[in-house]
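The values are calculated or read from the model by the stated rules, or taken from the named source; none is laboratory data. Here the structure is a predicted model, which is why all the values come from computation and not from measurement. Here the Cβ is made from the backbone with ideal geometry for all residues, glycine too, and neighbour counts use every protein chain on show. Remember, those area values only see protein heavy atoms, side chains included, never the ligands or the DNA or RNA. Shrake-Rupley method; radii C 1.70, N 1.55, O 1.52, S 1.80 Å.
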Amino acid sequence: MTQSADRQERHDRQDRQQTERPGLAVLAVDDERPALEELTYLLSADSRIGSIRTASSGAEAIRVLNEEHRVDALFLDIRMPGATGVDIARTLARRPDSPQVVFVTAHEDFAVGAFELHAVDYVLKPVRQDRLAEAIRRVHERVHVRTRSAPAEEDEVVPVELAGVTRFLTRSQIRYVEAHGDYARLHTASGSHLVRISLATLEERWTPHGFARIHRSYLVALRHVQEVRWDAGHTTVKVGDKTLAVSRRHARELRDRLLGDANRQR
């Protein structure tokens, strides 16, 4: 028996068993059969997945969605003949109780579009099990965990010196931070201030509070990011009237953070 045939047999057996176990009901959609089989196999290996249905085209996916079956989430390829993954996501956005959407694609250039369509995640091919597990975690959280009202977060106060006068900024005022050796320059809407603290220290302190490292020289407040551009392998973000470069090392992490934060606020 070939490896592909063996994998398909295991998938078929697991698919039959999944109707008997609780978990997320998902629909995997891809027009390339090997990619669909691989995605289904990886999904079936996660204990949080209950039932898996598949579709090999956008039109078939829409038919499945119109049936009387529960679908908690779609794992969607983007580029397909006929109705694309984007078309499906736009259609679902008009439904009151639409399934969560995870795009699974070989193309990086639609991440911003996915962000605008409120996708839960954006997974690049070839799909890694650990990366898919993170996407499933996000779906599971959205479907099963009720949003709890958290107490208001205390806004850290940062003292800065200017011409012998001490001013007090709040962390929420800071749009981005720029490295200056052992110092850091804090940029706000009204100006900038040099403080004697390293960018690495601020990254460690402020990452849990909505900041992300995008470059060896920059730490940005995600709430102030107005625009992200992917162009010929180069990524930039717009913060206020400033355009900042994003290093290749940090580009994927930034995209994941933006998608995650946007969906938590949805």
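Simple rule: put +1 on each Lys or Arg Cβ and -1 on each Asp or Glu Cβ in the stretch 38-114, find the dipole, and look at GLY82, ALA45, ILE62; the Cα lying farthest toward the positive end is ILE62. The Cα center of the stretch 191-266 and the Cα center of the stretch 168-185 differ in position by 13 Å. Listed peptides 241-248, 192-199 appear in the order 192-199, 241-248 once ranked by packing, highest mean of other Cβ atoms within 10 Å at the front. Between VAL64 and SER172, the FRET efficiency estimated from the beta carbon spacing at R0 = 30 angstrom works out to 0.10.
Per-residue packing, averaged as other Cβ atoms within 10 Å, sorts the ranges 130-137, 251-258 into the order 251-258, 130-137, beginning with the highest. What percentage of all Cα-Cα pairs in the stretch 195-250 are separated by more than 12 Å? Value for the stretch 195-250: 65 percent of Cα pairs lie more than 12 Å apart. Nonpolar atom fraction for the stretch 168-266, defined as the carbon and sulfur part of the 1.4 Å probe accessible area, stands at 43 percent. Counted by Cβ distance under 12 Å from GLY233, the other residues give a net charge of -1, where Lys and Arg count +1 and Asp and Glu count -1.
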